[in-house]
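The block underneath contains the structure these notes are about, expressed in structure tokens.
The values are calculated or read from the model by the stated rules, or taken from the named source; none is laboratory data. What you see is a predicted model, and the numbers here were worked out from it, not measured in a lab. As a convention, Cβ positions derive from the backbone with ideal geometry for all residues, glycine included, and neighbour counts pool all protein chains shown.
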Amino acid sequence: MQVNSTSSATSSQGISASGGQLGKDEFLKLLMAQLKNQDPMKPMDDSQFIAQLAQFSSLESMQALDDRMASLLRVQMMGQAYGLIGKEIEAPSGTQGETIKGVADSAKMVDGDAVLTVGGKSVKLAEVTSVAEGEGAQLAQASSLLKTEVEAVIAGTDERVTGVVDAVKVENGTVVLRIGSRTVELRDVVSVEQGDREM
């Protein structure tokens, strides 16, 4: 009877291709078909059966590992994307020579990719080319300087402004500090007095 030899050959071909063609369900169906159609006078050798079961177990373990790695990668990507919320990012827009630039408002997973929303436009995390502190982070940093003595050098000049920060505000998208009657940009601050703050 040739059923056993034919099914054995088919099984061995399937096993050898299991890495790219057979899933665990197909492998199990093939093994069950081989057992069902074997020659009762010449049953499958125990060692061969055990070897096939071992391959099945190995295949199942590899698939489980792939699933865990994919899950871990998704968590990692979402962590990175969430970390960019509130920061200014830049990415290609899809139109040649143009870019999308703005503060990331939100993040979500779309078809396995972490996607950020910037001014209503979607940007894939993998496409982000630069990251900078957003206005919110700069405002928080500037607020920490209230009632603190700082020194600033006005950009493009040698003029120095020194005094206690009275107020913090945003003007035309730029975070500025008020020192007496003067205002200076946060980026112009060159030193901060490390003494006690005035209350």
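In the set (1) crowded, with 16+ Cβ neighbours inside 10 Å; (2) of a type in the set (A, V, I, L, M); (3) not in a strand (DSSP E or B), ALA114 fails one condition alone, (3).
The C-beta contact set for region 18-47 (first residue hydrophobic (A, V, I, L, M, F, W, C), second residue modelled with pLDDT of 70 or more and assigned to a loop (DSSP other than H, G, I, E, B), distance under 8 angstrom, 6+ apart or interchain) comprises MET44/GLN38.
Here region 103-149 is the region considered, the condition is being at positive phi and not small (Gly, Ala, Ser), and the residue that is modelled with the lowest pLDDT is ASP111. In the set VAL184, VAL176, which member is more than 34 Å from the chain's Cα centre (by Cα) and either outside any strand (DSSP E or B) or not basic (Lys, Arg) (or both)? Going through VAL184, VAL176 in turn, the sole match is VAL184. Suppose we filter region 129-165 for residues that are buried (at least 16 other Cβ atoms within 10 Å of the Cβ), polar (S, T, N, Q) and not in a helix (DSSP H, G or I); how many remain? So the answer is 1.
Sub-9 Å Cβ pairs linking a first residue in region 137-160 that is closer than 11 Å to LEU186 by Cα to a second residue that is polar (S, T, N, Q), at least 6 apart or interchain, are GLN138/THR174; VAL150/THR162; VAL150/SER191; GLU151/THR162; GLU151/SER191; ALA152/THR162; ALA152/SER191, ordered by first then second residue.
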